[in-house]
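Presented below is the structure to which this report refers.
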Amino acid sequence: MNLADKPETFADRVRAIPGGEHLEMCYSCGTCVSKCMIQQKVEPEYNPRRLLRMVMMGMEEEAFKSPTTWLCSECDLCFPACPQEIHISGVIGAVKQLAVEAGYESPLEAVTVDETKCSGCGICVMVCPYEAPHLIEKDVDGEMDTFSEVDVNKCMGCGTCVAACPLGAIARPGVSNAELVQQIEVKPQPNGVPRLVTFVCDWCLRADDDVSLLESYPDNVRVVHIPCTGRIDPEMALRALRSGIDGVLVCGCAPGECHYKRGTYVSSCKISLLNTMLGQMGVGDGCVRFVQIGTQDRGRIRNEVDGMLEHLTAYKEAV
Amino acid sequence: VAKKSKAQAKPKLALYWAASCGGCEISFVELGLRLIQASELADIVFWPCIMDFKYEDVEAMDDGEITATFFNGAIRNSESEHIAKMLRRKSQVMIAFGSCSHTGGIPGLANFYDKESLLERVYGTAESVDEASRGTRPQVKTEVPEGVVEIPEFYDHVKTLAQTVDVDYFMPGCPPVVEQIWTVLQVLLAGQLPDKGSVIGAEAKTNCDVCPREKGGSSQRVTEWKRPHEVELDPDVCFLTQGVICCGPATRAGCGLPCISGNMPCRGCYGPPDGVVDQGAKLISAIGALIDTDDPEKLQEIVDTIVDPAGLGYRFGLANSVLSELKYK
């Protein structure tokens, strides 16, 4: 038998895509699964080890339907842990590419663009960690106009573009501007009790007791869940301060651990700039804070919220 | 909206300047021969910069006698506030005309400082102050042999027109461009103004909507912010992709892009677009997301290349910003 005549297998096709070439180095130890936040937080069926096995065994349809193919956000927490140094998200990305070519669609809810607002500035194209948006030309009443269009199979729903869009033209269900504005309300408190809004990304808290702690705060601490701190919009923080809220705490993943690759870099830039602006105006000293909580930082969220409340209490007394 | 106060009477227009540079008046004068055409359709009854009317002439008018006032300039002192209130009473339609009146403009940048530190700089420490008079401060009332001299009181901070009186329309720009003025005049005199509170003489979206420059992709994120004079700018490509901050993404369209056509980034004078509360915060939300590095130290270095984010994002809008609200609540 001539090896060149061997029919191309599913594994061959995955390997042929850049990123997929390390497929066969996997010996199924499962370390990747133990590192994965998706497996822990949203989808128990999520399993990179099993997906790689399916590919090697030619289980094409099963692989294309597997949540593992679609939910991986390329955070790469598994990469440094893999004893075989496989860039696992690259292999998963190769499978996803073949799945899209075969007509499968992402089960994730993508962001939507409101063309009546979109100015075609391309900011979303530049900021997206997944190259999901792109600019298209469209005929509007006889004139060509430029709009952003989102590839629903690439969008992971982090909301970085939603916050960056200068016109609020991009929305993601649950975290649109209007929905977040509603959530940043904190009831007036007795004298001296600070009002705090805490934005927490969906991924930075690994321990269950840290997550449940968030539910236990009294009503002077409002916790707002966001998919990623890339969704943080300084305008939202200013609105909160204007409404009489004393402080805004933003909690995201540790440097290099962001679930959506760029979110923490983006938010740390924005909050740094916002604090510079507040400082230039001489208001709100230390009232907006960004903390990056690592997967090993169990219990840290409690200290960060307490520390922020302490700071705000002192600040209120001093002002 | 522009009701005729007296049957068949020629509409009356007023123009005023408060804390402003005079650029808005120049833009109006740029109407040229069309100004004569306008004067055939309406009488200009008050325009201190150009024509010889006095405050008493306005005081003598009936309430609502003026069809529309184009009020430029921010509210800086008791005189600008007094005239704003008087013109509001006398006018059916009050238009905040130009950046200073609309969002505080360049005078609004004074809100970074308080009254005391401004006066100290101008009358105390400025190099040009004569030694003998150093430290002398202007007084609202000064007794002289002939009586009492009174000058307007300098306020603690700059306000927009809408923070002072009820405003019907907002016409942005530093200055509003002449073609927009002409359009608004025609709409006004035809009695076809839109709903109260609207921004007129401008578009709903941002400058990027009309900017012909080639927009960026994900490979063109920014690793260093540069100022326009530090780089040879490609006239056909988006400034942001060249690492130069342009306020265009957070600025309402309508100016016709004179700065951008001159290969200079937008400075933001047309104010925020529809739906945006705070122009500067929106700008940093966009440009902050463009920075590209995965090294936290390098990240801060890139952020620090933006030396004056508030001055950049609120060059024309500090008095109208949430920052000002927080400081002067």
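Just so it is clear, none of the values below were taken in a lab; they were calculated from the coordinates. Model, not experiment: these values are computed from the prediction. Heads up, the Cβs are rebuilt from the backbone with ideal geometry, glycines too, and the neighbour counts pull from every protein chain shown.
With a 10 Å cut-off around each Cβ of A:238-244, the average count of Cβ atoms from other chains is 4.
Take each peptide in B:314-323, A:296-305, count the other Cβ atoms within 10 Å of every residue, and average; sorted highest first, the result is B:314-323, A:296-305. Scanning residues 5 or more positions from B:GLU203 or on other chains, those with amide H under 5 Å from its amide H are B:ALA253, B:GLY254, with H placed 1.01 Å from N in the peptide plane.
When peptides B:262-272, A:11-21 are sorted by average Cβ neighbour count within 10 Å, with the highest value leading, the order is B:262-272, A:11-21.
What distance in nm separates the simple spin-label points at B:VAL187 and B:GLU301, each placed 7 Å from Cα in the Cβ direction? Each label point is offset 7 Å from its Cα along the Cβ direction, giving 4.9 nm. Calculated from the alpha-carbon coordinates, chain B shows an Rg and a Dmax of 22.1, 73 Å respectively. Whole angstrom only: what separates the Cα centroid of the range A:1-62 from the Cα centroid of the range A:157-233? About 36 Å separates the Cα centre of the range A:1-62 from the one of the range A:157-233.
Annotation note: trypsin sites (Lys or Arg not before Pro) in the range B:10-100 located in DSSP loop regions with a Cβ neighbour count of at most 12 within 10 Å are B:LYS54.
The distance from the alpha carbon centre of the range B:221-250 to that of the range A:241-319 is 29 Å, rounded to a whole number.
The range A:57-100 has equivalent-ellipsoid semi-axes of 20, 11, 8 Å, by the square roots of 5 times the alpha carbon gyration tensor eigenvalues, sorted largest first. Charging the Cβ of each Asp and Glu at -1 and of each Lys and Arg at +1, and nothing else, the dipole of the range A:1-57 about its Cα centre rounds to 240 debye.
Using θ = phi - 60° in the Karplus curve 6.51 cos²θ - 1.76 cosθ + 1.60, the 3J(HN,Hα) couplings for the range B:203-214 round to 9, 7, 8, 9, 4, 4, 4, 10, 6, x, 5, 5 Hz; x is entered for Gly and Pro. Expressed per residue, the C-alpha convex hull volume of the range A:124-169 stands at 78 Å³. Taking Cβ atoms as reference points and 12 Å as the exclusive limit, the residues near B:VAL149 contribute a net charge of -2, counting Lys and Arg as +1 and Asp and Glu as -1. The mean count of C-beta atoms from other chains within 10 Å of the C-beta of residues in A:249-260, rounded to a whole number, is 1. Where both bridge residues fall in chain B, DSSP classifies roughly 30% of the beta bridges as antiparallel.
Protection proxy ranking of A:202-210, A:157-165, by the mean of other Cβ atoms within 10 Å over each peptide's residues and highest first, is A:157-165, A:202-210.
Counting Cβ atoms of other protein chains within 10 Å of each residue's Cβ and taking the mean over peptide A:162-172 gives 5. Ordering A:TYR315, A:ILE271, A:PRO227 by Cα displacement along the dipole of the range A:177-319 toward the positive end leaves A:ILE271 in first place; charges were set at the Cβ atoms of Lys, Arg (+1) and Asp, Glu (-1). With a threshold of 18 Å on the Cα-Cα distance, the over-threshold entries among B:LYS159/B:LYS282; A:LYS117/B:LYS226; A:LYS316/B:LYS329; A:LYS96/B:LYS215; B:LYS12/B:LYS90; B:LYS115/B:LYS329 are B:LYS159/B:LYS282; A:LYS117/B:LYS226; A:LYS96/B:LYS215.
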